[in-house]
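See structure below.
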Amino acid sequence: MIVSRLYANRMAPDFQGVTMRRLTSYQSELVAQFRTILAGGPKIFRGCNPMRCWQLLSAILFVYLSIPAPVYSQIVTMDAQSRSVITAATANAGALFTDDDMDSAANFDPFNSLVMSTAISNNDPNFASASGEALQNSTIGLFLVEATGETNAFASLTGTGTAIGEALSDFSYTFTIDSLFFFTVLGAVDRFGPVSDAGIELVNTDTMAPVFAIGESVGYASTSINTNGILDAGTYELIAFADTVHQHFGGGGDPTTAGAEFELSFTLTPVPEPSTLVVTALALLGLLAHGHGHRRRRA
């Protein structure tokens, strides 16, 4: 109620003049009180009667309200996104057969897609078969991004020929923040197969410096990430991908499957602006003073 009234009074045409005239009478006391606070800490409240303490806090609030608020808008701008799933299959056992498919997100709406490709070539005694499968479920919000992607590739060859299965699930989101933000990322990547890869990365596109990155190697591995930090104002690109290629050439190969996947949860939280921290600190000082006085009265 008091805060609402103070903000309402701030809208009065003569608020600045009234504030300055009132502050003039408190100037010397403010200087003395703050000097004592800096020198003796909480002991200041022992000699501060309730009326004087209230006047002091009122003056501080008037100062705070009379100073124009800093430019600290804490805005997240969703600049661009690129999300797609792509598959391809090639089979050649004397006759070439190919198949490919893809799907992509047109805008920032949730993207849920699964695509598959299959190719079979049968030229007895040679037989080639290949397939690729890619899926992605992802949502992009101002303060929360979640995405999962998975790819699988199959290849089988009897006799001579070629069998190649390929799949890619790709995620990219570019955003700009105008002030400091906390970030938290939880994620994991998994890959199996000789030519499979998966990764998660956040890059500052102004400096091209990575903020974090996992899963850069190729092969059989699982890697997780659970970290947080603070992002400076700037533009960033969040990247995640799962890429798989499985193939047999020449003289045959056992039916085998390769795959890769990623899972990502990324959050942004505004860092409290300086004025908010000041008011919070004043409130804590007030509570400390109240508790100290209450303990003295009980004693």
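In table form, for the structure just shown:
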read-out: Any chance Val115 is over 20 Å from the mean Cα position of the chain (by Cα) and under 24 Å from Ile200 (Cα atoms); value: yes
read-out: Considering residues of the stretch 237-285 that are among the small types (Gly, Ala, Ser), in contact with a Phe, Trp or Tyr (Cβ under 8 Å, 6 or more places away or on another chain) and in a strand (DSSP E or B) only, the residue modelled with the lowest pLDDT; value: Ala258
read-out: Unmet requirement for Leu231, which otherwise passes all of (1) modelled with pLDDT of 95 or more; (2) in contact with a Ser or Thr (Cβ under 7 Å, 6 or more places away or on another chain); value: (2)
read-out: Any chance Thr158 is out of contact with any Ser or Thr (no Cβ under 7 Å at 6 or more places or on another chain), surrounded by fewer than 22 Cβ atoms within 10 Å (Cβ to Cβ), closer than 21 Å to Gly193 by Cβ and touching a residue at least 24 places away in the same chain (Cβ under 8 Å); value: yes
read-out: Lone unmet requirement of (1) among the β-branched types (Val, Ile, Thr); (2) farther than 27 Å from Thr176 by Cα; (3) under 33 Å from the mean Cα position of the chain (by Cα) for Val145; value: (2)
read-out: Tally of residues being crowded, with 21+ Cβ neighbours inside 10 Å, in contact (Cβ under 8 Å) with a residue 60 or more places away in the chain and hydroxyl-bearing (Ser, Thr, Tyr) across the stretch 137-154; value: 1
read-out: Residue in the stretch 143-163 that is farther than 16 Å from Arg83 by Cβ, of a type in the set (Asp, Glu) and out of contact with any helix residue (DSSP H, G or I) (no Cβ under 8 Å at 6 or more places or on another chain) present; value: no
read-out: Pairs where the first residue, in the stretch 86-113, is without any contact (Cβ under 8 Å) to a residue 40 or more places away in the chain and buried (at least 17 other Cβ atoms within 10 Å of the Cβ) and the second is of a type outside the set (Val, Ile, Thr) and in a loop (DSSP other than H, G, I, E, B), C-beta under 6 Å, 6+ apart; value: Phe111/Ala105
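The values are calculated or read from the model by the stated rules, or taken from the named source; none is laboratory data. Quantities reported herein were computed from a predicted structural model and do not represent experimental measurements. Neighbour counts run over all protein chains shown; Cβ positions are idealised from the backbone, glycine included.
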